[in-house]
Structure formats: C-alpha cells, structure tokens
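Engineer: This is the structure, below, for whatever I ask next.
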Amino acid sequence: MVNYFDVLVLGLATWRISHMLVWEDGPFKIFIRMQSWMERNDFLIDLFSCVWCLSVWVGAILVLSAIIDKTVTIYLMLPFALSSITILLERTTDG
C-alpha cells in the first residue's frame, strides 16, 4: 500500500531526476555527453529536452521499481527527494 510519504518522496525524486537529466551538466559533464549521444535519435532528444515529458517516464520507472521492492526504492530515492527540498528552499529564500 502506498502512503503519502511514499508519494512525496517519489514525486520529489521524479522531479529531481528529470530536472537533472534535462537541465544540468552533471558530474564530469555526464548529462551533456548523454544528450549529445541522444541527438542521433529524434525520439530520445525530444523526450530528454522536456522535464514534463521525461517526468512521466521517470515516474513510471519509479512506480515499477516500488512494485518490485518499495522499501529499497524509497531509500534509494530519499537523497533525490532531499535534494529537491533543498533546491526548493534555496530558491524561495535566496536573495
């Protein structure tokens, strides 16, 4: 059974992962390299250029992962959820 905490963690993690893949360089510019590799495929580059589009697929993968093992999925996604909260707080309190 899914509770509000699980939805919050998975929702924040979905946003964080989607945002990282679309807008960020990543450590050692790994996301930039990934995007340049994907430019060869129109479907993939379209998918990875929109946070809203990508978040549907990231969310679906997290739901499937939670069906397989919810506890492990929640614990693996907690750092992403905490990062999302930190970013949102920083954006609202900055300057």
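Engineer: Would you check which residues across segment 1-55 are over 10 Å from the mean Cα position of the chain (by Cα) and among the β-branched types (Val, Ile, Thr) and list them?
Structural biologist: Those that are over 10 Å from the mean Cα position of the chain (by Cα) and among the β-branched types (Val, Ile, Thr): Val2, Val7, Val9, Ile30, Ile32, Ile45.
Engineer: Sticking with this one: How many residues, within segment 10-59, are closer than 20 Å to Ser83 by Cα and of a type in the set (A, V, I, L, M)?
Structural biologist: 12
Engineer: Return yes when Val7 is free of Cβ contacts under 8 Å to residues at least 24 places away in the same chain and part of a helix (DSSP H, G or I) and no when it is not.
Structural biologist: The answer is yes for Val7.
Engineer: Also, I was wondering about something else. Name the residue, out of Ile85, Ile74, Ile45, that is over 17 Å from Phe5 (Cβ atoms) and of a type in the set (Val, Ile, Thr).
Structural biologist: Just a single option satisfies the conditions, and that option is Ile45.
Engineer: On to the next question. With Ala13, Ala81 as the choices, which residue is modelled with pLDDT of 95 or more, in a helix (DSSP H, G or I) and in contact with a Pro (Cβ under 9 Å, 6 or more places away or on another chain)?
Structural biologist: Going through Ala13, Ala81 in turn, just one is modelled with pLDDT of 95 or more, in a helix (DSSP H, G or I) and in contact with a Pro (Cβ under 9 Å, 6 or more places away or on another chain): Ala13.
Yes/no matrix, rows are residues, columns are (1) exposed (fewer than 11 other Cβ atoms within 10 Å of the Cβ); (2) in a helix (DSSP H, G or I); (3) of a type outside the set (S, T, N, Q); (4) free of Cβ contacts under 8 Å to residues at least 60 places away in the same chain:
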site: Asp25; (1), (2), (3), (4): no, no, yes, yes
site: Ile30; (1), (2), (3), (4): no, yes, yes, yes
site: Arg33; (1), (2), (3), (4): no, yes, yes, yes
site: Trp37; (1), (2), (3), (4): no, yes, yes, yes
site: Leu76; (1), (2), (3), (4): no, yes, yes, yes
site: Ile87; (1), (2), (3), (4): no, yes, yes, no
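Engineer: Could you grab me the full set of residues in segment 39-74 that are in a helix (DSSP H, G or I), touching a residue at least 24 places away in the same chain (Cβ under 8 Å) and polar (S, T, N, Q)?
Structural biologist: Selection gives Ser55, Thr73.
The values are calculated or read from the model by the stated rules, or taken from the named source; none is laboratory data. Because the structure is a prediction, the values reported are computed rather than measured. FYI the Cβ positions are ideal-geometry reconstructions off the backbone, even for glycines, and counts take in every protein chain you see.
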